[in-house]
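Enquirer: Got a structure for you, questions after.
The values are calculated or read from the model by the stated rules, or taken from the named source; none is laboratory data. Everything numeric in this text was worked out from a predicted model, so none of it was measured. Every residue, glycine among them, receives a Cβ derived from its backbone with ideal geometry; neighbour counts consider all protein chains shown.
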Amino acid sequence: MRPSHVSHSALGGFAQIFPRSLGLATALLGAGLLGGCSIVIPSSPSGEDFRAQADDVTGSIRKSAPDLPRWLDAEDRRRAFAALATALDPQGEGAAVNWENPQTGAKGGFTPVGHAYPTDGKVCRAFLAEVGGKDKEERLQGTACRERTNDWTISEIGPWRKG
């Protein structure tokens, strides 16, 4: 049997044609709408905020490489890295090597610490550095490494800690 009167509302028409299915349809529609609004925010087992876990690194965002002070210009950096390469050369005598740029007034020096050592297919060596400019002076310590024929790259650098 078909009803003789059909409502203009889609739900009303549905209810008249399938009266027993109305409750189920309403429940499914409501569950679907409310289910789409839920958000689960993971937290650590200790209850700490997930975003506060800085040690949880996925590797998708690479940290910037350690470097000399940012206030050095391109020519200062070229001179500084030439001095660093000379100072850290395993064939060298381990003497300090200084550099200077008369145009900017920047200057500095690198002193190798200990002997060069192999690690992960690279040769590495620790160093102490002094870098200065007109009103700036920094004392740093770090480690630089190089592969067979590549240039030295700084793998870590930070303030000079005496002792």
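Enquirer: Specify the residue that is nearest to the chain's Cα centre (by Cα); the eligible residues are those in the stretch 100-138 that are exposed (fewer than 13 other Cβ atoms within 10 Å of the Cβ) and among the polar types (S, T, N, Q).
Expert: So the residue we want is THR119.
Enquirer: Something else: Take the stretch 139-163 and flag every residue that is in contact with a strand residue (DSSP E or B) (Cβ under 6 Å, 6 or more places away or on another chain) and surrounded by fewer than 17 Cβ atoms within 10 Å (Cβ to Cβ).
Expert: ARG139, GLU147, SER155, GLU156, TRP160
Enquirer: Here's something else I'd like to know. Does LEU84 qualify as being touching a Pro at 6+ places or on another chain (Cβ under 8 Å), aliphatic (A, V, I, L, M) and touching a residue at least 60 places away in the same chain (Cβ under 8 Å)?
Expert: Numbers: touching a Pro at 6+ places or on another chain (Cβ under 8 Å): no; aliphatic (A, V, I, L, M): yes; touching a residue at least 60 places away in the same chain (Cβ under 8 Å): yes.
Answer is no for this residue.
Enquirer: Based on this model, can you work out whether PRO90 counts as modelled with pLDDT under 95, in contact with a Lys or Arg (Cβ under 8 Å, 6 or more places away or on another chain), outside any helix (DSSP H, G or I) and farther than 20 Å from GLY158 by Cα?
Expert: Answer is yes for this residue.
Enquirer: Exactly one of (1) of a type in the set (Ser, Thr, Tyr); (2) touching a strand residue (DSSP E or B) at 6+ places or on another chain (Cβ under 9 Å); (3) touching a residue at least 12 places away in the same chain (Cβ under 8 Å) is unmet by THR104. Its number?
Expert: Of (1) of a type in the set (Ser, Thr, Tyr); (2) touching a strand residue (DSSP E or B) at 6+ places or on another chain (Cβ under 9 Å); (3) touching a residue at least 12 places away in the same chain (Cβ under 8 Å), only one is false for THR104: (2).
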